[in-house]
Amino acid sequence: MEHVSQAVISPARPDRSSLTHTGAVYVDGRLHAASQRQGSLAWKAVDPSVLPEAPEGIAVEHALYCGHFFLHFGHFLIETLPSLWWARDNHRKLIFHPWFGTLPNLPPFVRVALEALAIDEDRLVFATDRLAVGDLLLPPRGNPMGGEPVVESLGVYRDVAERVAGQWPDSGARKFYVSRRFVRRNMRAVDEHLIENEFVQRGFRVVFPEQLSFAEQVSLVSRAEALAGVRGSALHLSGFMPPGSAVLELTRRGAQGMNSLAAINEALGIRTVTAKVIAREGEPRAGVADIEALSAALDESYPARVR
């Protein structure tokens, strides 16, 4: 953990038209490169190397820089949540660059995570304008989107799981298929119901994440042996799974699996298997499953069928 004095936090300025963004930490007027968000497949950080004109006065006396704050479920779990690990054992303000530069209205899943970690919302500070910080802690940021998480920070998943799981009774199920049947058509497989049937025959319980509270989702996967689904945000719940469990990601042919997911799982002792059994159909992210190929892929690990 790096400790700096008289730092300046530049404001978050994402630009959809150019897929660029700014928002970083400056020390003595110069960019602290390790504070930038790196590794996105599309977005690029374009912070200037020198920041002109520091603001007068100290806006925040003691703070911890936590990177970018995402309201997108998957990005929150793999990027924002691990940054909260460093908020343990101190009462500093937590400075974030909000994605798209506005003060977010925190959704329920964020509030559950904060409560589980005993972090009061009034500690959150969003850098929508330039901030001066008298005493700033800079934890290692890593590159989770590039498959390089900060392993130590992944302990946050176990902390959240332990504090949330007890709120729900054990369902008894240990294998789950997270269906995307009720999300937008271009975000799921066209024949999602056929995929569900294939997993049900092998003893998986089908769940619809959008119909469950975040706490209930965490509780289910914290006891899971296996989690499967078409590539998407719900699979990032795997961070809350126990070591020795497995994740099966169904993805399109010709596409790579989610490097961020696999890297986090590996660090946590969770096995990740990618099955390329979805063929593209029309819309950019829609697809149709090759059920025979899926069945063959499942036979390797889950041959026992429940009829």
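Taking the stated definitions as given, is residue 218 in the same structural domain as residue 192 (by TED's automatic domain parsing) and in a strand (DSSP E or B)?
Spelling it out, it is not the case that residue 218 is in the same structural domain as residue 192 (by TED's automatic domain parsing) and in a strand (DSSP E or B).
Which residue is surrounded by the fewest Cβ atoms within 10 Å (Cβ to Cβ), if the candidates are limited to the stretch 56-82 and must be farther than 16 Å from residue 109 by Cα and small (Gly, Ala, Ser)? Here the answer is 57. Residue-level check: of (1) closer than 23 Å to residue 97 by Cβ; (2) at pLDDT below 95, residue 192 misses just (1).
Check whether at least one residue in the stretch 56-68 is within 20 Å of residue 146 (Cα to Cα), assigned by TED's automatic domain parsing to the domain that holds residue 26, of a type outside the set (A, V, I, L, M, F, W, C) and in contact (Cβ under 8 Å) with a residue 12 or more places away in the chain, and report yes or no. Yes, there is a match, as at least one residue in the stretch 56-68 is within 20 Å of residue 146 (Cα to Cα), assigned by TED's automatic domain parsing to the domain that holds residue 26, of a type outside the set (A, V, I, L, M, F, W, C) and in contact (Cβ under 8 Å) with a residue 12 or more places away in the chain. Within the stretch 225-248, the set of residues being within 13 Å of residue 157 (Cβ to Cβ) and in a loop (DSSP other than H, G, I, E, B) comprises 241, 242, 243, 245.
One line per residue, one yes/no per condition, for (1) of a type in the set (Val, Ile, Thr); (2) closer than 27 Å to residue 262 by Cα; (3) buried (at least 16 other Cβ atoms within 10 Å of the Cβ):
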residue	(1), (2), (3)
92	no, no, yes
112	yes, yes, yes
122	no, no, no
129	no, no, no
141	no, yes, yes
144	no, yes, yes
149	no, yes, yes
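Residue count for the stretch 11-34, restricted to those that are over 17 Å from residue 127 (Cα atoms) and crowded, with 16+ Cβ neighbours inside 10 Å: 0. The set of residues in the stretch 1-21 being outside any strand (DSSP E or B) and within 21 Å of residue 140 (Cβ to Cβ) consists of 1, 10, 12.
The values are calculated or read from the model by the stated rules, or taken from the named source; none is laboratory data. Model, not experiment: these values are computed from the prediction. With ideal geometry, Cβ positions are generated from the backbone for all residues, glycine too; neighbour counts draw on all protein chains shown.
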